[in-house]
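Comments concern the structure below.
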Amino acid sequence: MLPLPRVRRADSSVFRRQRRGRRQQLLGRCSRKSPQRPMPGPETLLVLALVGAAGGVVGGIGGPGGIPVILTLNAVVALSSPVAAATASLVFVVATLSATGLYRYSDGIAWGLAALVAVPAVLGTHLGTRLAPTLSVARFETVLAGTLLLAVVGIVYRQRRTDGPAASGSPVPTAPGDRAERWRTTGRVGLVGLGSLCVGVAAGITGIGGPALTVPLMLVAGIAPVTAIGAGLASGVLITVNATAGHAVQGTTPALVPALVVGVPYVLAQVLGWRYVHSVSERTVAYTVAAVAVVGVVVIVV
């Protein structure tokens, strides 16, 4: 058998060099598309931990504890709005799971109400995660502030019309009963269902775990605070899981180090908020949620 010509050997070496060059070009493109995020400094990590602890106390009472977390991720860590929302969503998955366990242990959960909140909110979340990358920072903050401000007005209006045990300052009930079933009216079901759809859109855009918005919504509908908080946290598990998955589908990767530093104190501090809810009256709980929301709106606007 005759040996192969030398020309073919030269051709094969050329082909190998060409393949090597194309491979290096592809690796270079991949490295440019996935830049490494800088590690936050010690001061930034301390701020994240403190903000996480403060937010966890507020989140434990069903308030918008995610607002300081979102703002810190945006302003201090300098994450973009979609990355900040994805990072916050990851934190709130764990936070809502742990808080739901606390209220399930002490009060029980109105699972029918939680489902009424969760299903439309999940549909809205998918829309919100698609809108998040298209919103500027100014619109991002406007959506959040406007939603909370409307909730505050509704809570105050509802509480001024409230009669009975909640208005007289009686202690918060520690077990679900007749008051936990008062949401089963046509008007309240429609209001909570439609409102939850809008809450899901806002949650997908902002990354704030559903309870920060669904609890004020249910208070506006006249549902007892402890019932609203428990159902809001339970529905928040599904909302935050879907929001996190939606960001992943959009290709937005959360920042893991900030998520861990802010998330651990947030989860642990929720116990303090849970204990506060069970030491004051229902009326006080409702106004506390409204007051915290007002502070959140001021912080966003300023």
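The values are calculated or read from the model by the stated rules, or taken from the named source; none is laboratory data. Every value quoted in this text rests on a predicted model; they were computed, and no experiment measured them. Virtual Cβ from ideal backbone geometry, glycine too; neighbours counted across all protein chains shown. The area values use the complete protein model at the heavy-atom level, side chains included, leaving out ligands, DNA and RNA. Shrake-Rupley method; radii C 1.70, N 1.55, O 1.52, S 1.80 Å.
Quick check on my filter: what residues within segment 228-255 are among the β-branched types (Val, Ile, Thr) and open to solvent by 10 Å² or more (accessible area, probe 1.4 Å)?
Looking only at segment 228-255, we keep the residues that are among the β-branched types (Val, Ile, Thr), and these are 229, 237, 239-241, 244, 249, 252-253.
Once the filter is applied, which keeps residues that are among the β-branched types (Val, Ile, Thr) and open to solvent by 10 Å² or more (accessible area, probe 1.4 Å), segment 228-255 yields Val237, Val241, Thr244, Val249, Thr252, Thr253.
Any idea which of (1) within 22 Å of the chain's Cα centre (by Cα); (2) among the small types (Gly, Ala, Ser); (3) modelled with pLDDT of 80 or more is the one Gly108 doesn't satisfy?
(1)
Looking at Pro225, Pro258, Pro216, Pro211, which is the one that is buried (at least 23 other Cβ atoms within 10 Å of the Cβ), in contact (Cβ under 8 Å) with a residue 24 or more places away in the chain and touching an Asp or Glu at 6+ places or on another chain (Cβ under 9 Å)?
On the way: Pro258 fails: touching an Asp or Glu at 6+ places or on another chain (Cβ under 9 Å); Pro216 fails: touching an Asp or Glu at 6+ places or on another chain (Cβ under 9 Å); Pro211 fails: touching an Asp or Glu at 6+ places or on another chain (Cβ under 9 Å).
Going through Pro225, Pro258, Pro216, Pro211 in turn, just one is buried (at least 23 other Cβ atoms within 10 Å of the Cβ), in contact (Cβ under 8 Å) with a residue 24 or more places away in the chain and touching an Asp or Glu at 6+ places or on another chain (Cβ under 9 Å): Pro225.
Among (1) in a helix (DSSP H, G or I); (2) of a type in the set (Ser, Thr, Tyr); (3) without any contact (Cβ under 8 Å) to a residue 60 or more places away in the chain, there is one condition Ser279 misses while meeting the rest; what is its number?
(1)
Given the conditions (1) at pLDDT 85 or above; (2) in a helix (DSSP H, G or I); (3) under 22 Å from Val58 (Cβ atoms), which single one is not true for Ala248?
For Ala248, the exception is condition (3).
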